[in-house]
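Working notes, beginning with the structure itself.
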Protein chains: 2
Amino acid sequence: MSPCLGLTWHSQFKALWKYAMNLKQLSEYLNLSQTTVSRALNGYPEVNENTRTRVLKAAQDLNYRPNTRAKGLATGRALAIGHVIPVSNQHEMVNPVFGDFIAGAGAAYARAGYDMMLTLVPDQEEVRAYQDIKARGTVDGIIVHGPIINDERISLLSRIGLPFVVHGRSTDVNLPYSWIDVNNRGAFERGTQFLIELGHRKIALLNGLEHMDFAFRRRKGYENALRNHGVSIDPRLMRSEEMTEVYGYRAAKEMLSRSDAPTAFVCSSIITAIGVRRAVHEAGLVLARDVSIITHDDALSYLENGDDVPIFTALRSSVWYAGTEAAEMLLSLISLPSHAPKTRLLEAELIIGRSTGPAAT
Amino acid sequence: MSPCLGLTWHSQFKALWKYAMNLKQLSEYLNLSQTTVSRALNGYPEVNENTRTRVLKAAQDLNYRPNTRAKGLATGRALAIGHVIPVSNQHEMVNPVFGDFIAGAGAAYARAGYDMMLTLVPDQEEVRAYQDIKARGTVDGIIVHGPIINDERISLLSRIGLPFVVHGRSTDVNLPYSWIDVNNRGAFERGTQFLIELGHRKIALLNGLEHMDFAFRRRKGYENALRNHGVSIDPRLMRSEEMTEVYGYRAAKEMLSRSDAPTAFVCSSIITAIGVRRAVHEAGLVLARDVSIITHDDALSYLENGDDVPIFTALRSSVWYAGTEAAEMLLSLISLPSHAPKTRLLEAELIIGRSTGPAAT
DNA sequence: GAATCACTCCAAAGCGCTTTGGATATTTGA
DNA sequence: TCAAATATCCAAAGCGCTTTGGAGTGATTC
C-alpha cells in the first residue's frame, strides 16, 4: 500500500501534479494523519515545529493547495467576495469606472486571500439574483454597484443577512448600511461655484442618468450653487443621460447653436467632457476663452486628465482608491460581523486645468 | 419530529429563509428522500411528474437553491470560469477593453449557469497563480487575457490540464491551443494602405506596447502596407506605449512640431486617437484636411465612435462580441474536453469616418 | 400463479476539507 | 515515585450535495 521510499512517492506525485493532489495523499506521503497535516498547514499550535516544517516543505514541493470548495464546505465560509453589476437590458453598457474600481478592490482581496466573483444582473431580476447569491453561498459578502435613489437592494440585503458595502449611497434609504462615496453634491456645488465666480451665468449640466444616486446628488450640488448666487435654474441647460462621448457632443452642439448658448458646461464624466470639447471645436470656438468645461474625473488609468497641466478643470476622486477602501471595509465587516455599519465620505479635489476661463463679456 | 401541518412547516421555513435552507430540510418538508428531491430538481427521469412539480413548487416557495460549494464538491465541477488579468506592478492599469469583454462573457456565462471569477495577477507571479487556480479547483476553465509574444502561460496551462481560451494569440507559440482574435495584422495593413491610397507617405504609428501580441501584429500589418507600396519605414514615426490619451497627445504633438511632420496617424486605440486629435487642434491644424487619423476601435459602449457619421475612420471589431464568443468557446471546450482546440479569427471592418482625407499636396 | 418488467423511491457512500473529542507519549510537580 | 499536566498526534463526524445500488410496488407476461 505505502511504498517506503520517499523518493518513489515523491516522483510519483510529482508526475501526478497535473491532477491536483489532495490532503489524503499528502498525509499518506508524510505518514501523518489528515488532521495533523491540516493543522500544520493552518498554523494551529498543537503540532511539533519539526513536523510543521516537514509538512510545509512537502506541500510546497508537491504543489499542494487545499480545494476551495471542500474548505468552504467545511468552514462555512466561501473566501470570496461578489461584485454585482446591474445591467440595463436595453444597452448593456459597462461603465469604465468599473474596471478601475475592480482593480483596486482586487488588490485588496489578493492581499487577504479572497477570490472575487462577478455577476452581471439584468435589473428586473435583481431581487432574485441577490437571494440566489445568498442561498447558493458562493460569497461571504458583496459590493453593491451603481445604487439608485431609494435602492431596494439595501433593505433586501439587510433582510437576507449578507454583508455588503455600497459603492455610493442611496437617497431615501433610512436603514443604516455601509457605504463609501464621493461627496458628489459638495463637489458639484464647488465646481459650479467656481464657474460662477469666473463670471459664468449660463452654465449647462451634462449629468449622468438621474435615477442613479450619484447623478441626483450632483444635480443638487449644481442647483445649490446656482441658487446661492442668485442664478436662475434653467431646465433647458440640464441633461441627464448615459455618459458617453456622443452624448456630450450632441448636447453641447445643440446648446451651443442657440442664441442664448451656455458659456460653461459641468460634466459628470471626462468622456462626456471630451464630447463637449469636440462640439466646441467644431463650432469654431476656443476652450477656456469662449466656453469653459469642468468635469468630474474618476482618475481612470487610461483616461488620465493630462500630465503636468490637467486638460480639464476637474473634480477629481480616484475610483481605484475607492475600490481598495470598499474592499477593505467589506473584509473587516465580514471578520467582525457584530460591528456597526461603516461609512466613508471621500472629498473630490478641485483641479484647475486648461478648460476654464473667465466668462466672455 | 415532523409536525404534520404543512402550513406550520411552511411558515417556519419561511421565517428561516435568511439562513439559507438545505436539501435535507427541503426533503423533510416534502416527506421525500434527499435523493428524490435532488433528482427531481436536476431533471432526472426516474421521478413521478406529480412529485417533480410538487418538489419544484416547494423549492420555489421556500427559496431553495443548492449550495454551490457542496454541489461542486459532489460533482467535481466548479460551475465557474476564471478570468485572469495580468497587472504590471508599476502601473496598475486596467484596459477599458476589459470591461466590455467581461460584460460579453458574463452574458454567456449567465445563460449557461456559470459564475465568473476574476483574478488579478502581478506578472512575476503568473506561474504560481495558475498552478494555484488549478490546484484549488475554483474554476473549470479560464480565459487568458493580454497574451504577449511567446507567452509561457499557454504551455503552462496545457501542461496543467486546465481548459482555456486565449483572447488574442501568441506569436512563437507552436502548441495547438484555443483562441479568438481579431485579424490585427490584416486590419492595420488595410488601414495603412487606405492612407497610402489617399496619398499619405509620412504615416505615424502610435501602437500599444509591442511585447503584447496584438501590438506586434499591428506593427507587422503597418510595415507590410508601407513596404508593399514602396514607402520607407521610418522608426522615428513609430511609437509603442500604453494606450492612453496623454500618450497620443504627446507623441502627436512632438511629431507635428517637426519639419517633416507626418500627415497621418495610425492609432491602436480610440483613446489614443482622441489624444492625437487634441494635439492636432492645438497645433492649429484641421483634422482630415491637414492631418488624418485612423484608429482601431473596440466598439466600447462608452466610447462609441460617433453616431451616424463616425468620428474617426476606424478598424472596428466589437470586443463585447469577442467576449461572448470566447465564453461560448470555453464552455463547449469544457463540456467536450476531447475535442481539438477551437480558433476563431474575427475581421475588423474598415469604417470611413471624418478623420481622414487626401494628403495635403 | 410465478416471473418479469417498468416505475418510483430510498439508504448510504463519497467529494476534500475542518474540527471535536479523545488517545498516546513525555514532562512536570510534590 | 506516581499522579497530573503537557505536548503531539489521530479516528471519525460532519459540511450539503450527487450518485450508486438496490428495494418496494403494481402491471404485464407466460
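Take the Cα coordinates of segment A:220-346, assign each an equal point scatterer, and use the Debye formula without solvent to give log10 I(q)/I(0) at q = 0.12, 0.14, 0.19, 0.21 Å⁻¹.
-0.58, -0.73, -1.08, -1.23
Only residues of segment A:38-52 count here: report those whose backbone N is under 20 Å from the spot 7 Å along Cα→Cβ of A:ASN31, or say none.
Answer for this model: A:38-41, A:47-52.
Under 14 Å from the Cα of B:LYS220, which aspartates and glutamates turn up, not counting those fewer than eight places away in the same chain?
In chain and number order, the partners are B:GLU189, B:GLU210, B:ASP234.
Mean-square fluctuation check for chain A, GNM, Cα pairs under 10 Å: which of A:LEU303, A:LEU41, A:LEU330 is largest?
The residue that fluctuates most here is A:LEU41.
Points 7 angstrom from Cα along the Cβ direction at B:ASN174 and A:LEU345: gap in nanometres?
Distance between label points: 6.5 nm.
Among A:ILE133, B:ALA78, B:LEU56, whose Cα sits farthest toward the positive end of the charge dipole of the protein assembly as shown (+1 at Cβ of Lys/Arg, -1 at Cβ of Asp/Glu, about the Cα centre)?
B:LEU56
Using helices alone, what [θ] at 222 nm do you get for chain B, with -39,500 (n - 2.57) per DSSP H run of 4 or more residues, divided over all residues and rounded to the nearest 500?
-13500 deg cm²/dmol
Where only protein heavy atoms count, and the probe is 1.4 Å, what is the accessible area per residue for chain B in Å²?
About 43 Å² of surface per residue is accessible.
Under the Kirkwood approximation applied to all pairs of distinct alpha-carbon atoms, what is the hydrodynamic radius of segment B:176-272 in Å?
13.6 Å
Using the Kirkwood radius over C-alpha pairs as Rh, can you work out the diffusion coefficient of segment A:170-232 via Stokes-Einstein at 4 °C, viscosity 1.567 mPa s, in µm² per second?
104 µm²/s
Can you give the average number of partner chain beta-carbon atoms within 10 Å of each beta-carbon in peptide B:102-110, as a whole number?
Per residue, the number of nearby Cβ atoms from other chains is 5 on average.
Mind ranking B:266-275, A:129-138, A:49-58 by how tightly packed they are, going by the mean number of other C-beta atoms within 10 angstrom, highest first?
Top to bottom by mean Cβ count within 10 Å: B:266-275, A:129-138, A:49-58.
Exceeding 30 Å between C-alpha atoms, which entries from my cross-link table qualify? They are A:LYS134/A:LYS342; B:LYS24/B:LYS342; A:LYS24/B:LYS342; B:LYS134/B:LYS342.
With Cα atoms farther than 30 Å apart: B:LYS24/B:LYS342; A:LYS24/B:LYS342.
Given a 1.4 Å probe and every protein chain left where it sits, what share in percent of the accessible area of the protein assembly as shown is carbon and sulfur? Could you put the intermediate results ahead of the total?
Working: 16260 of 30910 Å².
Roughly 53 percent of what the probe reaches on the protein assembly as shown is carbon or sulfur.
Rank B:TRP179, A:TRP320 by accessible area, highest first, at a 1.4 Å probe radius?
Largest to smallest exposure gives the sequence A:TRP320, B:TRP179.
Inter-copy label distances at B:PRO235, 7 Å along the Cα→beta-carbon direction, one decimal in nm, shortest first?
6.4
Please give the Cα centre distance for segment B:45-99 versus segment A:167-216, rounded to the nearest Å.
Segment B:45-99 and segment A:167-216 have Cα centres spaced 37 Å from each other.
Assigning unit charges at the beta carbon (Lys, Arg +1; Asp, Glu -1) and nothing else, what dipole magnitude in debye, to the nearest 20, does the protein assembly as shown show about its Cα centre?
Computed charge dipole of the protein assembly as shown: roughly 1460 debye.
For B:PRO122, place a label point 7 Å from Cα along the Cα-to-Cβ direction in every copy; what are the distances to the other copies, in nm, shortest first?
So the label point of B:PRO122 gives 4.2 nm to the other copies.
Taking all protein chains together and a probe of 1.4 Å, list A:THR295, A:THR343 from the most accessible to the least accessible.
Sorted by accessible area, descending: A:THR343, A:THR295.
State whether the protein assembly as shown is rounded, prolate or oblate according to the following rule on the C-alpha gyration tensor (a ≥ b ≥ c being the square roots of its eigenvalues): a/c under 1.5 gives rounded; otherwise a/b larger than b/c gives prolate, and the remaining case gives oblate. Intermediate values should be presented prior to the final figure.
Working: a/c = 2.15, a/b = 1.41, b/c = 1.52.
Here the protein assembly as shown falls in the oblate category.
When all protein chains stay in place, what accessible area (Å², nearest 10, 1.4 Å probe) is found for A:THR192?
Around 0 Å² of this residue is reachable by solvent.
Would you mind listing the distances between the A:GLN60 label point and the same position in each other copy? Use 7 Å along Cα-to-C-beta, nm, one decimal, shortest first.
Result for A:GLN60, in nm, nearest copy first: 5.6.
Can you list the residues of segment A:111-128 that have at least 10 square angstrom less accessible area with all protein chains present than in their chain by itself, probe 1.4 Å?
A:ASP115, A:MET116, A:MET117, A:LEU118, A:LEU120, A:ARG128
Starting from the 7 Å offset along Cα-to-Cβ, what nm value, one decimal, do you get for the label separation of B:ALA112 and A:SER335?
Going from the B:ALA112 label point to the A:SER335 one covers 3.6 nm.
Calculate the spin-label point distance for A:LYS253 paired with B:THR51, positioning each point 7 Å from the Cα along the beta-carbon direction, and give it in nanometres.
Taking the simple label geometry, B:THR51 and A:LYS253 are separated by 6.6 nm.
Could you report the buried accessible area between B and A, both sides summed, computed with a 1.4 Å probe and given in Å² to the nearest 100?
6200 Å²
So what does the Cα-only Debye profile of segment B:286-361 read at q = 0.16 Å⁻¹, as log10 I(q)/I(0), no solvent term?
Results for segment B:286-361 at q = 0.16 Å⁻¹ read -0.68.
HN-Hα J couplings of segment B:336-342 from phi, Karplus 6.51/-1.76/1.60, θ = phi - 60°, integer Hz, Gly and Pro as x?
After applying 6.51 cos²θ - 1.76 cosθ + 1.60, I find 10, x, 6, 4, 5, x, 9 Hz.
Please identify every one of the trypsin sites (Lys or Arg not before Pro) in segment A:261-361 that sits in a loop by DSSP and has no more than 13 other beta carbons within 10 Å of its own beta carbon.
Here the trypsin sites (Lys or Arg not before Pro) that fit, given the DSSP loop and packing criteria, are A:ARG289.
In square nanometres, what is one fourth of the surface area of the convex hull spanned by the alpha carbons of chain A?
Directional mean of the projected Cα hull area for chain A stands at 23.6 nm².
Which of A:ALA261, A:LEU206, A:VAL276 sits farthest toward the positive end of the charge dipole of segment A:184-318, with +1 on the Cβ of Lys and Arg and -1 on the Cβ of Asp and Glu?
Highest projection toward the positive end goes to A:ALA261.
The values are calculated or read from the model by the stated rules, or taken from the named source; none is laboratory data. Treat the numbers as computed from the prediction; the structure is a model and nothing was measured. A quick note on method: Cβ atoms are made from the backbone with ideal geometry, for glycine too, and the neighbour counts reach across all protein chains shown. Note: areas computed on protein heavy atoms with side chains; ligands, DNA, RNA excluded. Shrake-Rupley method; radii C 1.70, N 1.55, O 1.52, S 1.80 Å.
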